[in-house]
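*Asks:* My questions all concern the structure below.
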Amino acid sequence: MVQSITQTVRTEIIVKNSRFIGYMGNIESAGDAETFLEKLRNKHSDATHIVYAYRTVSNEVKYSDANEPAGSAGKPVYNIIEKNELFNVIIAVIRYFGGVKL
């Protein structure tokens, strides 16, 4: 079954003094994903990292570790999308570094 979301969702947690803000939004194309990310980059221009993953119903897939160690951030986010059979969705995680390496 193809699942998608209909609204942008935001959540936030603090882990070892680092602030993580998660966003999940609806997209229909890679262009929509880039627009979504650009808005986040503008809103969180002082963030340490913006990790993301997305997948469309036409199977456009992309994920980014945002300079974190390879495979440690974007791929796990994409795995959540894949495991839950989500399409036309983007998930982005913004990190404000709190001084402690995780």
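*Asks:* I'd like the full set of residues that are farther than 11 Å from A92 by Cβ and not hydroxyl-bearing (S, T, Y), limited to the range 28-37.
*Replies:* Once the filter is applied, which keeps residues that are farther than 11 Å from A92 by Cβ and not hydroxyl-bearing (S, T, Y), the range 28-37 yields E28, A30, G31, D32, E34.
*Asks:* Moving on to the next point. If I ask for residues that are more than 10 Å from the chain's Cα centre (by Cα) and under 18 Å from R95 (Cβ atoms), which ones from the range 41-64 would you list?
*Replies:* R41, N42, K43, H44, S45, D46, A47, T48, H49
*Asks:* Identify all residues within the range 21-66 that are farther than 14 Å from Y96 by Cβ, touching a residue at least 40 places away in the same chain (Cβ under 8 Å) and among the β-branched types (V, I, T); write none if there are none.
*Replies:* I27, V57
*Asks:* Within the range 64-76, does at least one residue satisfy the condition of being modelled with pLDDT of 90 or more and either under 17 Å from R10 (Cβ atoms) or aromatic (F, W, Y) (or both)?
*Replies:* No, the conditions are met nowhere in the range 64-76.
*Asks:* If you take the residues of the range 34-66 that are closer than 17 Å to N84 by Cβ and either in a strand (DSSP E or B) or of a type in the set (S, T, Y) (or both), which of them is most open to solvent (accessible area, probe 1.4 Å)?
*Replies:* So the residue we want is Y63.
*Asks:* Also: Taking the stated definitions as given, is N79 outside any helix (DSSP H, G or I), open to solvent by 60 Å² or more (accessible area, probe 1.4 Å) and polar (S, T, N, Q)?
*Replies:* No, not satisfied.
*Asks:* Right, I14: outside any helix (DSSP H, G or I) and surrounded by 13 or more Cβ atoms within 10 Å (Cβ to Cβ) or not?
*Replies:* In short, no.
The values are calculated or read from the model by the stated rules, or taken from the named source; none is laboratory data. Fair warning: this is a prediction, and the values are worked out from it, not measured in the lab. Note that we place each Cβ from the backbone using ideal geometry, even for glycine, and neighbour counts take in every protein chain shown. SASA here: full protein model, heavy atoms, side chains in, ligands and nucleic acids out. Shrake-Rupley method; radii C 1.70, N 1.55, O 1.52, S 1.80 Å.
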